[in-house]
């Protein structure tokens, strides 16, 4: 793996030199965009607005537009100078229970690996997080953007999970949602029974990206000139009065399957 950031974890007065690695990779198929007419590949170019010529990445800089349409051009040193500490330090400010953080805030996971000089302090923080069952809340700057994150520990690695700021989450007030009084007691009891029957210990390895596998089968069939069969699915809008019969049928189906 290739690290995407180097810096340190700030843990009280302890600094732990670390490298940051992306913890995920895409499982979806890599599809190119083509011109419908002749299937030529579509390219995205970085074009100078005035000259119409393509610009190489090495010649591109970032700038902030002023009210008079002039730009203040910023270099990598400028971004670091804005807050040298935040660009180089994952500063833990609080420790909380992970269950107190709503899943809506979670964003991107990364692995943290200690530099050789920080291995002992890294292990100490990891074991302390495991023993307390807590996660550290921290802030740092990655790719010129300040982010909020939590640091949680598994048996061997400390994982940094970027989380969203509160103001980034949309309010639900504009949604048309049913009231709690819309739920009948007997229907709720039956739904709870169904949930109990379907409850199992979570094992992530049981869940696969089957769509990508199915799509690859279709691609192979098309590449051999075979016809593709399309299954038509109809969305059925059930009436609320049918809920009990549907729940009972679901329970019966589950019992037979087991």
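The values are calculated or read from the model by the stated rules, or taken from the named source; none is laboratory data. Note that the structure is predicted; figures quoted are calculated from it, not measured. We place every Cβ from the backbone using ideal geometry, glycine too, and count neighbours over all the protein chains shown.
Residue 159: within 16 Å of the chain's Cα centre (by Cα) and at pLDDT 95 or above, yes or no?
Yes: the conditions hold for residue 159.
Applying the selection to the range 224-248, what residues are modelled with pLDDT of 60 or more and either over 36 Å from the mean Cα position of the chain (by Cα) or not assigned by TED's automatic domain parsing to the domain that holds residue 197 (or both)?
Scanning the range 224-248 gives 224, 225, 226, 227, 242, 244, 245, 248.
Quick check: anything in the range 186-205 over 21 Å from residue 29 (Cβ atoms), part of a strand (DSSP E or B), in contact (Cβ under 8 Å) with a residue 12 or more places away in the chain and under 30 Å from the mean Cα position of the chain (by Cα)?
no
Check 177, 142 and return the single one that is buried (at least 17 other Cβ atoms within 10 Å of the Cβ) and either at pLDDT 85 or above or in contact with a strand residue (DSSP E or B) (Cβ under 7 Å, 6 or more places away or on another chain) (or both).
142
For residue 18, which of the numbered conditions (1) within 21 Å of the chain's Cα centre (by Cα); (2) in contact (Cβ under 8 Å) with a residue 24 or more places away in the chain; (3) in the same structural domain as residue 162 (by TED's automatic domain parsing) fails to hold?
All conditions pass for residue 18, except number (1).
Residue 46 is checked against (1) in contact with a helix residue (DSSP H, G or I) (Cβ under 8 Å, 6 or more places away or on another chain); (2) within 30 Å of residue 209 (Cα to Cα) and fails just one. What number does that condition carry?
(2)
Return the residues of the range 37-61 that are closer than 19 Å to residue 72 by Cα and part of a loop (DSSP other than H, G, I, E, B); say none if nothing qualifies.
48, 49, 50, 60, 61
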